[in-house]
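Engineer: Sharing a structure below in structure tokens format, with a few things to ask.
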Amino acid sequence: MWAASLVLLHAGSALGGDARDEVHHRLRIALEPEAGRITVVDRLSLPVAWGTRLRFQLASTLEVEAEGAALDSPLLARDGVKTYGLTLPRPGAAVVLRYAGPIRAGARHAEHGMPEAALGPEGSYLDGASAWLPRFGQALASFEMEVTGLPDGWEAVSQGRRGGVAGGVHWTEPAPQDDVYLVAGPFHRYADAAGRVDAEVYLREADEALARRYLDAVRRYLDLYETLLGPYPYAKFAVVENRWETGYGMPSFTLLGSRVLRLPFILDSSLPHELLHNWWGNGVLVDARDGNWSEGLTAYLADYLLQEARGRGAEYRRGALQRYESFAAEQRDAPLRAFRARHDDASQAIGYGKALMLFHALRRELGDAAFLDGLRAFAAGRMHRSATFGDLLADLGRASGRDLGPERAQWLERAGAPELRIAKVATSPVGDGRHRLDLTLAQTQAEAPFRIAVPVAITLRGRPQADLHTVRFEGGREATLAVEFDAEPLRIDVDPAFDTFRRLAPGEVPPSLGTAAGAARQVLVVPGGADAAAWQAFAAQWARRYGNVEVVRDRDLKALPSTGAVWVLGWDNRFADQAAQRLAADALDPPAGKAAPAGRSLRREADAVVLVAPDAEPMPLAFVGAEGEAVIAALARKLPHYGRYGRLAFDLRSGENTWKDERPGNGSALTRVLVAGDVARAGLPPEPVLAPPVGAASTPPIVP
Ligand SMILES: [Zn+2]
């Protein structure tokens, strides 16, 4: 379960701005890890258009001198950074900056504890956050760097292509970069130079077999993405082990924590995601003026695509809609143009989940060939430059000969999601054994209607496979479908494979932690007693995570509320017996400290128990039985990752999940049986796949 809470961010920054100038650095770097110092000679090639009076920023701990230009005293010092003025004898003159000093560690990351910068006997990590390299406004940087002074057995890693120099390592990256990285440490280096692009692995302990698995996986995914998207834009891709448990993707390398690196499914989940960021985010750079498009596109073409190849596309899309329902629906939503980076579940549900559903809808509308042509044109035309979401839609539109202006307005500028309802459905025989179906779908959300294409599956008598049709909303609240069949329609299922970005309909997904969290409000009823403080902390964390939470003490409540979702917390909660009435099918017995869901025997002394009531009337209800501060804290952290489940058990001592179960559905409001009796839905035609399965060494969990 730890995996689902893993932080997988990429470190590429999302800057706005127009076409950006470029500075070339020729760097000679001496690292002194024992002393925590760096000495740099930086030979700069500056744009002539900048004239003779420039400014740059550099870490305030570094002493700097200029050669070939006059250096003013620093103008400002803030956040550990000084701004210097530089006067050149003529525009574009050759300038050498020499600087040296210690590097400040800066703030530590709240989750994995990695500092902003590291330079010491254990290794080094330097990027723009420490201002170790002179930065000229928003200008991009290309570079050649020579790193010397490395202790025996150390390697240094940066972007681009590696070369050797006497007593050190050389890296060259001719393409303009947002940031320049320098990672060094006691690494065992493994390389496979078989293709046009080098694959490399840097491990802190020798492990040939692990390195081989990564080298092979890098090769497989390079082949996959070059086939889909065109040439990989760097000379190498390296997997670099980190002392902190990160999952960062940088240009031409990924920085994975020691533990992360050894999780078997990372090879077929984070690795392709971070590799793909070299096209999206670290290749085509993000101009985030109308939203950061790179996470949704990367999630769609990596995390999603790999599940689709394994026949789990619909399941993944359902998960994305469920997360939207849990974390972002009901006034917690935002338009895609507001997304910059993931900072909580809501921003993830939008910037990754909603965005990838948009890409899925575009692919269905444009067709796989035009969709890929558009992506290839976007990569080829904008590589190593900044591009907006609008630029991406423009390239997709051009490839398909369509104007995607309406899509842009609808998803980038607007919040909200369509809510669908079957408004009317009728069938009638029309002679010759033929039947006519008339279907009207309506959008019932308060906001204006969305222009969407909604697939509908029609189950016909005697046919094993459903007939798929599309209902198109062209701007109105209602859209209709009229079709004739040569067999009797028995049942219709609206968007049965979750292809449309929309709110989930009542009964469409079974009652679960996610549906409870997605109610307009959640009321957490906390008990008194020995664990009162632990439950208060649980509730506080829940409230921070979800934007729709009220917390009440059981003794302050006369009766359970009848609207919103209710969470009864603790075996000794005064409302535990009322929860038990709703959970009679699971034999919940709070006084006895027992439950028996699906015939399992769960006991208060050994298990933490989470049960969501099997029906949502009069209001969704969930019971959490646990005791002990540690396990209650663990549940607060873990439960949001189990959104699709309705029944769960955890080991009371370790906090590990021991059982999880999805309740059966109650019948979706988007399904209609047209004849008397029960009719099962006929099978859906197989989905097209953008790429065949790759790897399959392990099946990664679905974490949309
Ligand atoms: Zn990413």
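Engineer: By count of other Cβ within 10 Å, fewest leading, how are 277, 109 ordered?
Structural biologist: Lowest count first: 109, 277.
Engineer: Now, a different point. For residue 678 and residue 426, what does the FRET efficiency come to when R0 = 30 Å and r is the distance between their Cβ atoms, rounded to the nearest 0.05?
Structural biologist: The calculated FRET efficiency here is 0.90.
Engineer: Using the number of other C-beta atoms within 10 angstrom as an exposure proxy, rank 266, 632 with the fewest first.
Structural biologist: Least to most surrounded, the residues fall as 632, 266.
Engineer: While we're on this one: Please determine, in degrees from 0 to 90 and to the nearest 10, the orientation of helix 208-229 with respect to the longest principal axis defined by the Cα atoms of the chain, where the helix direction is its Cα long axis.
Structural biologist: 80
Engineer: While we're here: Percent relative contact order of the chain, based on C-alpha pairs within less than 8 angstrom and at least six residues apart?
Structural biologist: 11
Engineer: Relative to the first principal axis of the alpha-carbon coordinates of the chain, what is the inclination of helix 389-400, with its axis defined by its Cα atoms, in degrees from 0 to 90 and to the nearest 10?
Structural biologist: Approximately 70 degrees, to the nearest ten.
Engineer: Also: Just to verify a number: FRET efficiency for residue 469 and residue 656, C-beta to C-beta distance, R0 = 45 Å, to 0.05?
Structural biologist: With a Förster radius of 45 Å, E is 0.45.
Engineer: Using the 10 angstrom Cβ neighbour count as an exposure proxy, how do 245, 478 rank, fewest first? Before the final figure, lay out the partial values.
Structural biologist: Values: 245 19, 478 14.
Fewest-to-most ranking of 245, 478: 478, 245.
Engineer: List, largest first, the extents of the alpha carbons of the chain along their principal axes, each in whole Å.
Structural biologist: Each principal axis gives a Cα extent; for the chain these are 88, 68, 48 Å.
Engineer: Find how much the distance from residue 289 to residue 543 grows on full extension, using 0.36 nm per residue of separation minus their present alpha carbon separation; answer in nm with one decimal.
Structural biologist: Roughly 88.4 nm would be gained on extension.
Engineer: If you average the sequence gap of Cα pairs under 8 Å that are 6 or more apart and divide by the length of the stretch 120-230, what percent do you get for the contact order?
Structural biologist: Result for the stretch 120-230 is 24 percent.
Engineer: For the stretch 189-236, which trypsin sites (Lys or Arg not before Pro) are both in a DSSP coil and crowded by at most 12 other Cβ atoms within 10 Å?
Structural biologist: Sparse-neighbourhood loop trypsin sites (Lys or Arg not before Pro): 196.
Engineer: How much length is gained on full extension from residue 48 to residue 615, taking 0.36 nm per residue of separation minus their Cα-Cα distance?
Structural biologist: 197.1 nm
Engineer: Here's a follow-up. Taking 7 Å along the Cα-to-C-beta vector as the label spot, tell me the residue 193-residue 559 distance in nanometres, rounded to one decimal.
Structural biologist: It works out to 7.9 nm between the two label points.
Engineer: Taking the chain as the reference, fit the longest principal axis to its C-alpha atoms, fit the long axis of helix 629-638 to the helix C-alpha atoms, and give the angle between the two in degrees, 0 to 90, nearest 10.
Structural biologist: Tilt of helix 629-638: around 90 degrees.
Engineer: Find how much the distance from residue 577 to residue 552 grows on full extension, using 0.36 nm per residue of separation minus their present alpha carbon separation; answer in nm with one decimal.
Structural biologist: Full extension from residue 577 to residue 552 adds 7.3 nm.
Engineer: So how far, in whole Å, is the C-alpha centre of the stretch 369-431 from the one of the stretch 32-92?
Structural biologist: Using only Cα atoms to place each centre, the spacing works out to 45 Å.
Engineer: Next question, about the same structure. Relative contact order (percent) for the stretch 167-286, with alpha-carbon contacts under 8 angstrom and 6 or more residues of separation?
Structural biologist: 20
Engineer: Turning to a different aspect of this structure: Two-decimal Rg/Rh of the stretch 60-137 from alpha-carbon positions, Kirkwood Rh?
Structural biologist: Radius of gyration over Kirkwood radius for the stretch 60-137 works out to 1.05.
Engineer: Within 10 Å, count the other beta carbons around each residue, average over each peptide in 313-326, 394-407, 571-584, and list them highest first.
Structural biologist: Final packing ranking: 313-326, 571-584, 394-407.
Engineer: Counting only pairs 8 or more places apart or on different chains, how many lysine pairs in the chain have C-alpha atoms closer than 23 Å?
Structural biologist: Step by step, the pairs that qualify in the chain add up to 4.
Engineer: Under the rule of -39500 (n - 2.57) per DSSP H run of 4 or more residues, summed and divided by the residues of the chain, what mean residue ellipticity at 222 nm is obtained, to the nearest 500 deg cm²/dmol?
Structural biologist: Rounded to the nearest 500, the figure is -5500 deg cm²/dmol.
Here, each number is a calculation from the coordinates, and none is a lab measurement. Keep in mind that this is a model prediction, so the values were computed, not measured. Note: ideal-geometry Cβ built from the backbone for every residue, glycine included; neighbour counts use all protein chains shown.
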